[in-house]
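The values are calculated or read from the model by the stated rules, or taken from the named source; none is laboratory data. All values derive from a computational prediction rather than experimental measurement. Ideal geometry is used to build each Cβ from the backbone, glycine not excepted, and the neighbour counts take in all protein chains shown. The area values use the complete protein model at the heavy-atom level, side chains included, leaving out ligands, DNA and RNA. Shrake-Rupley method; radii C 1.70, N 1.55, O 1.52, S 1.80 Å.
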Amino acid sequence: MKTIKQIVFVLVIAAVMQACQPAGGEFPGSEYMPDMAHPISYEANAYDAYKYHTWDEQSVMTRKELTGRMHPVKGTIPRGYAGVYFASGDEAQQAVMDNMHGVGSNNAQAIPVNGKVPYYYGNTPEERLRATAEIIANPFPITKSGLESGKELYNIYCGLCHGEKGDGLGYLVRDADPAKGDPGGKYPAAPANLVNEDFSVASNGRFYHAIMYGLNVMGSYADKLSYEERWQVVHYIRSLQAVKNGAKYDESANTLNPAFGTPMKLVAKKVTAAAAPAPVTDSAAPAGPASH
Ligand code: HEC
């Protein structure tokens with residue numbers, strides 16, 4: 001009896017070992033609990049990845065439709081986009097902003113509060129030019145609160161060198177004042193005059209890129225400012241340029257250069273107009289038989 005038990009035990013072990021043989025040659029190998037090895041949730045986009053994925057047989061959609069590329073869910077924002085233009089009206093606008101701050105309740109990809117939004121430009125002179133050529137508009141609308149925040153951040157992080165007016169005459173490069181015993185600033189390089197002609201017509205990419213990587217003696221501010229804060233600073237620099245050029249750049253108007261930033265007032269108007277249904281009147285009804 002004992003030997004029979006032993007023989008059966010050895011046979012069972014042998015069978016198990018046989019079953020565990022690795023795939024090779026004509027033998028595809030066998031899997032224990034294949035559903036776990038091929039989770040539908042992970043392989044959802046792989047059409048026909050696994051023959052046991054018959055989960056959609058009862059579905060109203062075919063497997064091909066289910067595994068194909070899909071449109072983003074309505075109201076969501078692709079990663080890396082601020083998406084103000086997806087909104088329609090003030091409330092929706094607020095919802096978009098909430099999403100961007102990570103407090104939205106739908107499944108939009110929020111821009112994380114730590115500001116880690118991918119930046120697809122490298123730190124080389126060629127990439128600087130590419131960013132300058134490609135990044136034109138500010139993804140955030142010009143708002144009062146944004147400009148206020150931009151001002152505060154600019155004065156903390158940039159004004160020291162570039163000056164509170166953006167003219168490049170910050171504290172670090174101030175003139176000597178012997179009367180007060182002030183030896184003046186001794187910064188090794190002249191900070192750019194951000195409100196001169198050159199910078200007033202430069203695209204937003206030039207500013208954003210400078211914040212991301214700095215330039216020569218100017219260091220990067222990517223780790224000091226979040227994604228939204230960087231754009232607030234760019235807005236504020238534009239408003240300084242507007243002051244210099246006698247133009248307006250605020251939440252109600254942008255006469256500096258409409259391509260660089262959209263005032264909140266216009267964003268709200270634009271999206272409401274786009275979302276509003278065309279007016280229907282009785283006289284607009286077709287007189288004859290409807291032709292489609
Ligand atoms: C410690 C001083 C200093 C601080 C602080 C500083 N910068 Fe600069 N910045 C410079 C200097 C110097 C240059 C000129 C670099 C050069 O041309 O070699 C410069 C250049 C620039 C340029 C021009 C880049 C180009 O394409 O020519 C921009 C835009 C700019 N800074 C924006 C900013 C912003 C925005 C901040 C704040 C987030 C800031 N800087 C903070 C010193 C500073």
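Using R0 = 30 Å, the C-beta based FRET efficiency linking Glu164 and Ser220 works out to 0.85.
So which trypsin sites (Lys or Arg not before Pro) in the stretch 156-202 end up in coil per DSSP with only 11 or fewer other C-beta atoms within 10 Å?
Details: sites: Lys165, Arg174, Lys180, Lys186; in loops: Lys165, Arg174, Lys186.
Answer in residue order: Lys186.
So what is the relative contact order of the stretch 119-264, in percent, for Cα pairs below 8 Å that sit 6 or more residues apart? Please report the intermediate quantities before stating the final value.
Working: 224 pairs, mean separation 46.0, N = 146.
This gives 32 percent for the stretch 119-264.
Over 26 Å between Cα atoms: which of Lys180/Lys224; Lys186/Lys248; Lys151/Lys248 fall into that group? Intermediate results must be reported in sequence, preceding the final value.
Numbers: Lys180/Lys224 34 Å; Lys186/Lys248 34 Å; Lys151/Lys248 16 Å.
The pairs that break the limit, which is 26 Å between Cα atoms, are Lys180/Lys224; Lys186/Lys248.
Converting phi to 3J(HN,Hα) with the Karplus coefficients 6.51, -1.76 and 1.60 and the offset θ = phi - 60°, the stretch 188-196 yields x, 9, 6, x, 4, 7, 6, 10, 6 Hz in sequence order, with x at every glycine or proline. Using a probe of 1.4 angstrom and keeping all protein chains present, the accessible surface of the stretch 119-264 works out to 51 square angstrom per residue.
Extending 7 Å from the Cα toward the beta-carbon at both Met70 and Met33 defines two label points whose distance is 2.7 nm.
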